[in-house]
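Notes follow once the structure below has been shown.
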Amino acid sequence: MSETSSRNWVERDAAVVWHGFTQMAAYAGNAPLVIERAEGRELIDADGRRYLDAISSLWVNTLGHRVPELDAALAAQAARVAHSTMLGNGNTVVVELAEALAGVVPVDDPHFLFAGDGAVAVEQALKIAFQYWVNRGVPGRTAFLALGDAYHGDTIGALSLGDGGVFSAVFEPLCFPVVRTPGYADPGWAGKACAAIDARAGELAAVALEPLVQGASGMLCASAADVRRIGEACRRAGVLLICDEVATGFGRTGTLFASEQCGLRPDLLCLGKGITGGYLAMSATVASGEVYGAFLGDDLGPATFYHGHSYGGNALAAAVALEHLRLIESLDVLTNVQARADQLATLLGERVAGRAVVRAIRQRGLMVGIELAPPEPGLRWGRRVCAGAVSRGVLLRPLGDVVVLMPPLTITEGEVLRMVDALDGALDEVTGR
Ligand SMILES: Cc1ncc(COP(=O)(O)O)c(C=O)c1O
């Protein structure tokens with residue numbers, strides 16, 4: 001294919017597609033990739049150029065692209081039924097998926113409410129937590145505690161839990177207030193959150209957090225022991241705990257769920273992104289038996305959870321998610337995450353950490369944030385370093401001046417090296433040696 005092919009696609013794209021989190025007036029000028037196909041962990045653009053997908057297509061991909069077993073599961077399900085509604089009716093493959101997930105999620109007696117996106121899993125958790133107290137006849141439990149630097153998605157409820165920032169400031173008048181205590185960047189965050197939970201227990205419906213890693217705020221990390229303290233404080237105070245594992249779930253931090261490392265058994269667990277290995281839009285809110293039980297009552301009665309989405313529990317997504325869960329086990333993916341995370345930590349330590357232009361490297365498993373330290377504002381180092389990596393065949397996307405590395409969990413030793421080589425070269429190019 002010719003060079004004009006990609007340019008032509010960018011023009012057609014910019015004429016009709018509106019890209020999220022993207023200034024469309026600048027889109028075409030920022031050398032976007034237009035992907036046509038993929039092989040393994042590489043994306044291939046319309047000109048045939050190959051890029052290692054080192055951000056897992058925005059943190060969703062786990063096993064790479066075009067995994068034969070996932071492709072086969074998708075095709076087999078398509079030959080049965082692509083979708084049937086979950087409102088008041090069931091679907092066999094969704095039942096099988098829920099049964100399989102029930103065996104691995106860190107939730108007691110789990111029940112699954114499926115949806116399409118991570119933000120929706122969070123919205124559902126918020127509404128379930130709110131109505132839980134109403135159904136139990138406990139007045140006043142209407143507030144939520146969330147952390148500084150939190151990100152839970154872009155719908156209004158999820159934005160309310162999130163800690164705002166320049167991108168969402170315009171929507172502040174639409175958001176509901178929450179009790180906010182500091183995030184993982186504050187070494188005393190856990191003590192402050194526990195104190196607030198103790199002091200305001202009677203007002204709180206739930207506490208929401210991203211266990212171990214606050215991803216979108218630049219991979220801010222907490223110790224497992226600190227996160228565990230929040231779970232204990234919630235139990236003591238009788239406040240529900242919502243763990244948002246949309247980003248950390250399905251192996252990213254080295255265990256299937258980050259909550260496991262923290263010894264947490266949340267009342268509500270939010271899943272998304274990697275649930276289908278990055279194939280199809282699916283999310284789930286997982287409720288404990290105790291929470292679920294509070295919604296049982298008369299048919300058409302007020303205890304019912306009146307909430308649902310057209311594509312919640314999509315059968316194609318469920319079939320892929322079910323096969324994906326089997327593959328995580330049979331391919332021993334978590335062992336690879338540990339080995340590649342160790343390799344990556346060593347390489348970053350040797351080749352990146354000592355640079356004066358790097359303020360910090362934060363890592364849990366294969367979630368990595370490299371915070372750059374530009375000498376003055378406005379240099380857009382994050383954006384430029386990632387562009388430098390892309391020109392070297394490794395797809396990266398920053399969060400401000402934090403370069404994110406979040407490769408598929410099946411990444412090989414050679415590909416880890418390729419990723420660090422590209423980063424190393426891009427850092428030299430943009431920040432000087
Ligand atoms: C922790 C967390 N929660 C929720 C979301 C929102 O998920 P989605 O983009 O699928 O709506 C994200 C997305 O990055 C996330 O990192």
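Here is how the numbers come out for the structure above:
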{"item": "Every pair of residues 6+ apart whose Cβ atoms lie under 7 Å, when the first sits in the stretch 37-54 and is without any contact (Cβ under 8 Å) to a residue 40 or more places away in the chain while the second is among the charged types (D, E, K, R) and open to solvent by less than 40 Å² (accessible area, probe 1.4 Å)", "result": "Glu42/Asp53"}
{"item": "Flag for Val403 being in contact (Cβ under 8 Å) with a residue 40 or more places away in the chain and surrounded by 15 or more Cβ atoms within 10 Å (Cβ to Cβ)", "result": "no"}
{"item": "Cβ-Cβ under 8 Å pairs, at least 6 apart or on other chains, the stretch 269-289 side more than 14 Å from Tyr311 (Cα to Cα) and in contact (Cβ under 8 Å) with a residue 12 or more places away in the chain, far side surrounded by fewer than 24 Cβ atoms within 10 Å (Cβ to Cβ) and of a type in the set (Ser, Thr, Tyr)", "result": "Gly278/Ser57"}
{"item": "Identity of the residue in the stretch 105-116, within 18 Å of the chain's Cα centre (by Cα) and part of a loop (DSSP other than H, G, I, E, B), that ends up nearest to Ala318 (Cα to Cα)", "result": "Gly116"}
{"item": "Subset of the stretch 27-76 [among the hydroxyl-bearing types (Ser, Thr, Tyr), open to solvent by 40 Å² or more (accessible area, probe 1.4 Å) and in a loop (DSSP other than H, G, I, E, B)]", "result": "none"}
{"item": "Scan of the stretch 196-216 for residues that are more than 10 Å from the ligand (Cβ to nearest atom), open to solvent by 10 Å² or more (accessible area, probe 1.4 Å) and in contact (Cβ under 8 Å) with a residue 12 or more places away in the chain, ordered by number", "result": "Ala196, Asp198, Arg200, Ala201, Gly202, Glu203"}
{"item": "Ala100 being out of contact with any strand residue (DSSP E or B) (no Cβ under 7 Å at 6 or more places or on another chain) and either of a type in the set (D, E, K, R) or part of a helix (DSSP H, G or I) (or both)", "result": "yes"}
{"item": "Complete set of residues in the stretch 265-297 that are away from the ligand (no atom under 15 Å from the Cβ), in a loop (DSSP other than H, G, I, E, B) and surrounded by 24 or more Cβ atoms within 10 Å (Cβ to Cβ)", "result": "Asp267"}
{"item": "Qualifying residues in the stretch 149-177 (those that are open to solvent by 40 Å² or more (accessible area, probe 1.4 Å) and within 25 Å of Thr304 (Cα to Cα)) - the one farthest from the ligand (Cβ to nearest atom)", "result": "Phe176"}
{"item": "Residue selected from the stretch 254-264 under the condition open to solvent by 10 Å² or more (accessible area, probe 1.4 Å) and either under 20 Å from Gly369 (Cβ atoms) or of a type outside the set (A, V, I, L, M) (or both), by the criterion farthest from the ligand (Cβ to nearest atom)", "result": "Gly263"}
{"item": "Any hit, the stretch 83-100, residues being under 30 Å from Val403 (Cβ atoms) and surrounded by fewer than 15 Cβ atoms within 10 Å (Cβ to Cβ)", "result": "no"}
{"item": "Tally, over the stretch 8-25, of residues that are part of a helix (DSSP H, G or I) and touching a Phe, Trp or Tyr at 6+ places or on another chain (Cβ under 9 Å)", "result": "4"}
{"item": "Matching option when the condition is open to solvent by 60 Å² or more (accessible area, probe 1.4 Å) and farther than 27 Å from Ala150 by Cβ, among Arg397, Arg380, Arg418", "result": "Arg418"}
{"item": "Selected residue (only one of Ile411, Ile370 is within 20 Å of the chain's Cα centre (by Cα), aliphatic (A, V, I, L, M) and under 13 Å from Arg41 (Cβ atoms))", "result": "Ile411"}
{"item": "Those residues of the stretch 96-143 which are out of contact with any Lys or Arg (no Cβ under 9 Å at 6 or more places or on another chain) and among the β-branched types (Val, Ile, Thr), in sequence order", "result": "Val104, Val105, Val120, Val122, Ile128, Val138, Thr142"}
{"item": "Subset tally (residues that are touching a residue at least 24 places away in the same chain (Cβ under 8 Å) and either under 25 Å from Gly308 (Cβ atoms) or surrounded by 20 or more Cβ atoms within 10 Å (Cβ to Cβ) (or both)) for the stretch 126-148", "result": "16"}
{"item": "Residue satisfying all of: in the stretch 302-341; open to solvent by 20 Å² or more (accessible area, probe 1.4 Å) and of a type in the set (Val, Ile, Thr); nearest to the chain's Cα centre (by Cα) among these", "result": "Thr335"}
{"item": "Of the criteria (1) over 22 Å from Gly388 (Cα atoms); (2) surrounded by 12 or more Cβ atoms within 10 Å (Cβ to Cβ), which one Ala79 fails", "result": "(2)"}
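The values are calculated or read from the model by the stated rules, or taken from the named source; none is laboratory data. The model shown is predicted, which means the values in this text are computed figures rather than measured ones. Heads up, the Cβs are rebuilt from the backbone with ideal geometry, glycines too, and the neighbour counts pull from every protein chain shown. Protein only, heavy atoms only, side chains kept; ligands, DNA and RNA dropped before computing areas. Shrake-Rupley method; radii C 1.70, N 1.55, O 1.52, S 1.80 Å.
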